[in-house]
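Everything on this sheet refers to the single structure shown next.
Values quoted throughout were computed directly from the atomic coordinates according to the rules given, and no laboratory measurement underlies them. All of these numbers come straight from a predicted model, not from anything done at the bench. Cβ sites come from the backbone with ideal geometry, for glycine too, and all protein chains shown count toward neighbours.
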Amino acid sequence: MKILICGATGLIGSALTELCIEQNHTIHYLTTRKSKIEQSDQKKGFLWNPAEGKIDTACFEEVDTIVNLSGANIAKRWTKAYKEEIMNSRIDTANILFKSLRNMENHTVKHYISASGTAIYPSSLTEFYSEDTEQEATDFLGSVVKQWELHANQFKSLEIPVTILRTGLVFSKKGGALPEMLKPVKYGVGAAIGSGKQWQSWIHIDDIANMYLHTITKKNIGVFNGVGPNPTTNKFLTKEIASVLNKPFFLPNIPKFMMKLILGEMSTLLFSSQQVSSAKIEETGFKFNYPALNPALENLLKK
């Protein structure tokens with residue numbers, strides 16, 4: 001199968017690309033930098049600039065499935081300009097792919113898969129969210145995710161089936177949240193944030209890469225939560241990280257106001273609480289390699 005991956009050099013994209021090549025799929029990928037273009041039998045790079053509406057349409061040649069993982073990193077300080085970049089980076093990439101396919105007389109794309117986020121669900125300490133949940137978050141990230149999904153769903157008008165994976169906290173030693181969470185724990189100053197009761201729906205990097213490949217090969221259509229089956233609280237997560245690293249965990253919780261002073265509006269990432277179900281993807285036959293927190297952390301932190 002030939003797969004076009006947008007965001008192939010990112011955390012999930014690089015893991016998915018490696019996995020697809022292992023399974024003998026051919027990868028096309030889009031990049032904004034000439035220096036990142038490779039050309040081999042199994043991996044070919046193409047230039048694009050979504051903000052300027054530019055794309056090398058040769059990237060679509062004989063492609064069966066598009067996986068769009070593009071989007072500016074949300075774990076940076078949210079200035080007004082950067083909030084616009086977070087939003088536009090998701091809209092622009094979907095739009096340029098959509099317009100390109102709409103203007104092509106013949107294309108082979110039969111499936112569009114888009115990343116999304118569990119931030120679409122309102123923050124709650126008590127709710128347990130499934131894909132059928134009608135409640136939607138009204139904060140900044142909630143609005144980003146709604147626009148993200150809206151622009152993914154436009155591919156249905158081209159009679160291309162759409163799948164959306166609402167991803168939670170991805171654990172990887174190569175990037176994302178986990179390395180940042182490790183830093184204070186390694187120095188013996190790990191502590192829960194705020195009340196520590198906020199739910200964090202997480203997934204191991206290997207499982208989310210496998211979930212995308214499962215979605216590609218099984219052609220699952222619709223919305224699925226890209227999370228593991230065992231959400232955890234912030235306090236328990238921090239305590240487990242300390243345990244795996246054999247570090248102390250005794251300090252009082254870090255007050256919410258302190259994190260807001262340090263991080264500004266982005267601090268909402270630390271206090272938002274979404275307990276999210278993975279049942280729907282499991283019903284398609286997907287199996288997690290790391291369903292439990294401790295073995296997942298052991299795998300990542302003790303290699």
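Taken together, the residues in segment 199-230 that are buried (at least 24 other Cβ atoms within 10 Å of the Cβ) and in a loop (DSSP other than H, G, I, E, B) amount to 3.
Please determine whether any residue of segment 5-21 is surrounded by 13 or more Cβ atoms within 10 Å (Cβ to Cβ), in a loop (DSSP other than H, G, I, E, B), under 17 Å from the mean Cα position of the chain (by Cα) and of a type in the set (Ser, Thr, Tyr). Yes, segment 5-21 contains at least one residue that is surrounded by 13 or more Cβ atoms within 10 Å (Cβ to Cβ), in a loop (DSSP other than H, G, I, E, B), under 17 Å from the mean Cα position of the chain (by Cα) and of a type in the set (Ser, Thr, Tyr). Which of the residues belonging to segment 150-166 are part of a helix (DSSP H, G or I) and surrounded by fewer than 22 Cβ atoms within 10 Å (Cβ to Cβ)? Result: LEU150, HIS151, ASN153, GLN154, LYS156, SER157, LEU158.
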